[in-house]
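Notes follow once the structure below has been shown.
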Amino acid sequence: MALTPVILCLNRAGEATAHRIARALGAPVHGREGRVDVADALFPDALDHARSLFAAGTPVIGVCASGILIRAVAPLLSDKRAEPPVLSVSDDGAVVVPLLGGHRGANRLARQVAEALGGTAAVTTAGDVALGVALDEPPEGWHLANPEAAKGVMAALLSGGGARVTGECADAADWLADLPRGDVATLCCTASPVADIPDGTLVFHPRKAVLGVGCARNCPPDELKRLAEDVLASAGIAPGALAAIGTVDLKADEPAVLALARDWNLPLRLFTAAELEAETPRSAQPSEVVFAEIGSHGVAENAALGLGGADAKLTVPKRKTAMATAALALCPAPVTRLAGRPRGKLSLVGIGPGQAAWRTPEASRLIADADELVGYGLYIDLLGAVAQGKPRSDFPLGGEEARCRYALERAGEGRNVALICSGDAGIYAMGALVFELLDRPAQAEGVSDAARRVEVVTAPGISALQAAAARAGAPLGHDFCAISLSDLLTPREDILRRLRAAAEGDFVIAFYNPVSLRRRTLLAEARDILLRHRPAETPVLLASSLGRPEEELRYRRLEDLQVDEVDMLTVVLVGSSQSRLAQTGTGPRMFTPRGYARKIDGDLSEGRA
């Protein structure tokens, strides 16, 4: 379980228990507004909050009735191997019930909580109850090579009898010590590959090997992978016995290295040249050529030794091909703490208009995974309790370039950073500026080389135009465009040229940044330009504070649109000449027909209907 759980407390009766759990786990307490006195964060709705945490992959421990958590997460249930732990705890702490996530550490977490509270862990998973261990969930530092066979083996053991524990690493598998012994199944504990695994056998690899790699720029991924496979084969080590892959930080963005870590589902750890050089006394093939190039006498051997720690032994010295190098080190025990640092990551997260229900599960997960949140303070505030307890760096309006530069540089230091944007990060938000900074040469006020090597991912968000259209009905049912009326970054004449083109093209138009305290004329000019090309009664939607308690929707005729009733929190949707309002049972709804009526008429005339 990689993430720290969140403790949910719904009332004062369970408050003391919640804080006892929090102290034992080093976890935050999120409390229900008005019902809890002390909490790290407050939330208004328990179901929405639990659902948001679960969607983000965050383990949830609720000091509340089990039914509350079940109702909260039920709509999201899909894959038991991907679900985070969900536990309920009685107000007095007497009973801890793991509801979900038995395959993700829920049972172990329940026992840990019960021990801290002096209560009982109500574990119902058959393997855990009868065998005292979940064979499909080995402890940290171990890898199950054939998980698809676990169900059958556990069923056989539950039917009676015991298992043989074999392999050269059997003595290190102390987590199997209490398992009944017998001939029903075989549990093979080995660092070596096992071909053609017999029925009734589970193979567990201790993750005690670490692989160091290096390569020339744009090394073919297959070349590095074949070399790594040859190194493992020569040492008789299974890929499942690897704990991590290490290299120099200059290779943080090297496609071949990234592909190897991804294909083998292993963490990639990075070392500075100075950190690698510290391992040179233990290396077997120091190179003056490499030292002259990067400041360390080696990469592959030194990275393997750095990953493995002081007790690691270099088992396979550096081997090389035309463009790649690799070396292997072995540790005396399974590796559970990794040296080096991870590759930095910058997530461009669009949170939609702000409310949690309109935030995608991917966005919630990236926020939960982030080490630090960066953004305009209001946008981070809109995250509510999900952002509580996380380091945050707030930037004002007007500080967009400083905001993006800071986020990139922090990621360049190996952090997982989420840059929070309203709406969609790629629509009038920070996405384009991040890539512009990455595209600029360093001498032209770009970013550092380390920042250029970070992983950048983008999570889509519900844009303001989508939210406004959904509230209105279907105004974007035919061709549309978006135009920002801010001339701070775009020349005024360019805006007017686009307005004239959109008006002539009869697009439905979403106006972003329609006015500000200083900018008061472009919206009126836009109205007048549009009136030359479409009827005065063309419907216009003014949508303000979408998705928030103060949300307001107003319809106007195009000729009646007034600048003074629009502000920076308003999206203005102007219909095309074909848009109109439909009177429905829920009030007027704006839509733009796409031409289905004409198609049906044509089909009827040709006898195709």
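The values are calculated or read from the model by the stated rules, or taken from the named source; none is laboratory data. Quick caveat, the model's predicted, so the values are computed rather than measured. Please note: Cβ atoms are built from the backbone with ideal geometry, for glycine as well, and neighbour counts cover all protein chains shown.
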Among the residues of the range 493-518, the number that are modelled with pLDDT under 95 and either farther than 19 Å from Val540 by Cβ or assigned by TED's automatic domain parsing to the domain that holds Glu401 (or both) is 3
Please go through the range 80-96 and pick out each residue that is surrounded by fewer than 20 Cβ atoms within 10 Å (Cβ to Cβ) and either closer than 20 Å to Ala55 by Cα or of a type outside the set (Asp, Glu) (or both). Lys80, Arg81, Ala82, Ala94, Val95
Before we move on, is Arg410 touching a helix residue (DSSP H, G or I) at 6+ places or on another chain (Cβ under 7 Å) and not in a loop (DSSP other than H, G, I, E, B)? no
Candidates Leu465, Leu489, filtered to the one that is modelled with pLDDT under 95 and surrounded by fewer than 17 Cβ atoms within 10 Å (Cβ to Cβ): Leu489
Members of the range 472-503 found to be under 19 Å from Gly350 (Cα atoms) and not hydrophobic (A, V, I, L, M, F, W, C), listed by number: Ser484
Options Gly236, Gly214, Gly246, Gly240: the member that is on the phi > 0 side of the Ramachandran plot, modelled with pLDDT of 95 or more and out of contact with any Asp or Glu (no Cβ under 8 Å at 6 or more places or on another chain): Gly236
Being closer than 16 Å to Ile483 by Cβ and of a type in the set (D, E, K, R) is the filter here, so list the residues in the range 533-542 that pass it. Arg534
Within the range 425-450, can you find the residues that are small (Gly, Ala, Ser), closer than 28 Å to Asp506 by Cβ and either in contact (Cβ under 8 Å) with a residue 24 or more places away in the chain or touching a Lys or Arg at 6+ places or on another chain (Cβ under 7 Å) (or both)? Gly426, Ala429
Kindly list, by first and then second residue, each pair from a residue in the range 350-378 that is within 22 Å of Tyr512 (Cα to Cα) and modelled with pLDDT under 90 to a residue that is crowded, with 18+ Cβ neighbours inside 10 Å and of a type in the set (Val, Ile, Thr), limited to pairs with Cβ atoms under 6 Å and residues at least 6 apart or on different chains. Trp358/Ile462; Arg359/Ile351
Could you please tell me which pairs satisfy a Cβ distance under 7 Å, a separation of 6+ or placement on different chains, a first residue in the range 92-112 that is on the phi > 0 side of the Ramachandran plot, and a second residue that is surrounded by fewer than 20 Cβ atoms within 10 Å (Cβ to Cβ) and of a type in the set (Gly, Ala, Ser)? Gly93/Gly119
If the requirement is being surrounded by fewer than 24 Cβ atoms within 10 Å (Cβ to Cβ), more than 22 Å from the chain's Cα centre (by Cα) and of a type in the set (A, V, I, L, M), which of these qualifies: Ala18, Ala56, Ala22, Ala27? Ala22
Hey, can you tell me all the residues within the range 352-373 that are in contact with a strand residue (DSSP E or B) (Cβ under 6 Å, 6 or more places away or on another chain) and among the β-branched types (Val, Ile, Thr)? Ile367
Hey, Pro281 more than 23 Å from Gly295 (Cβ to Cβ) and not polar (S, T, N, Q) or not: no
Sort out which residues of the range 389-437 are touching a strand residue (DSSP E or B) at 6+ places or on another chain (Cβ under 6 Å) and among the polar types (S, T, N, Q), and write them in order of number. Ser393, Asn416
Looking at Leu476, Leu522, can you tell me which residue is under 38 Å from the mean Cα position of the chain (by Cα) and either crowded, with 20+ Cβ neighbours inside 10 Å or polar (S, T, N, Q) (or both)? Leu476
Going by the structure shown, is Ala303 touching a strand residue (DSSP E or B) at 6+ places or on another chain (Cβ under 8 Å), within 26 Å of Val454 (Cβ to Cβ) and not in a strand (DSSP E or B)? yes
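Yes or no, residue by residue, for (1) of a type in the set (Asp, Glu); (2) surrounded by 15 or more Cβ atoms within 10 Å (Cβ to Cβ); (3) more than 35 Å from the chain's Cα centre (by Cα):
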| residue | (1), (2), (3) |
| --- | --- |
| Arg532 | no, no, yes |
| Val540 | no, yes, yes |
| Gly547 | no, yes, no |
| Arg554 | no, no, yes |
When both residues are 6+ apart or on different chains and their Cβ atoms are under 6 Å apart, which pairs have a first residue that lies in the range 390-408 and is assigned by TED's automatic domain parsing to the domain that holds Arg453, and a second that is crowded, with 16+ Cβ neighbours inside 10 Å and among the acidic types (Asp, Glu)? Pro391/Glu372
With criteria (1) farther than 12 Å from Ala418 by Cβ; (2) under 11 Å from the mean Cα position of the chain (by Cα); (3) surrounded by 19 or more Cβ atoms within 10 Å (Cβ to Cβ), Leu366 comes up short on (1)
With Arg415, Arg471, Arg453, Arg527 as the choices, which residue is crowded, with 17+ Cβ neighbours inside 10 Å, in contact (Cβ under 8 Å) with a residue 60 or more places away in the chain and touching a helix residue (DSSP H, G or I) at 6+ places or on another chain (Cβ under 9 Å)? Arg453
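Determine which member of the set Ala292, Ala329, Ala284 is under 22 Å from Pro206 (Cα atoms) and modelled with pLDDT of 95 or more.
When all the criteria are applied, what remains is Ala329.
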Take the conditions part of a strand (DSSP E or B) and of a type outside the set (Val, Ile, Thr) and apply them to Ser364. Does it pass? no
Considering only the range 180-202, state which residues are closer than 17 Å to Asp136 by Cβ and among the aliphatic types (A, V, I, L, M). Val184, Ala185, Leu187, Ile197, Leu202
Does Lys320 fit the bill of being surrounded by fewer than 16 Cβ atoms within 10 Å (Cβ to Cβ) and touching a residue at least 60 places away in the same chain (Cβ under 8 Å)? yes
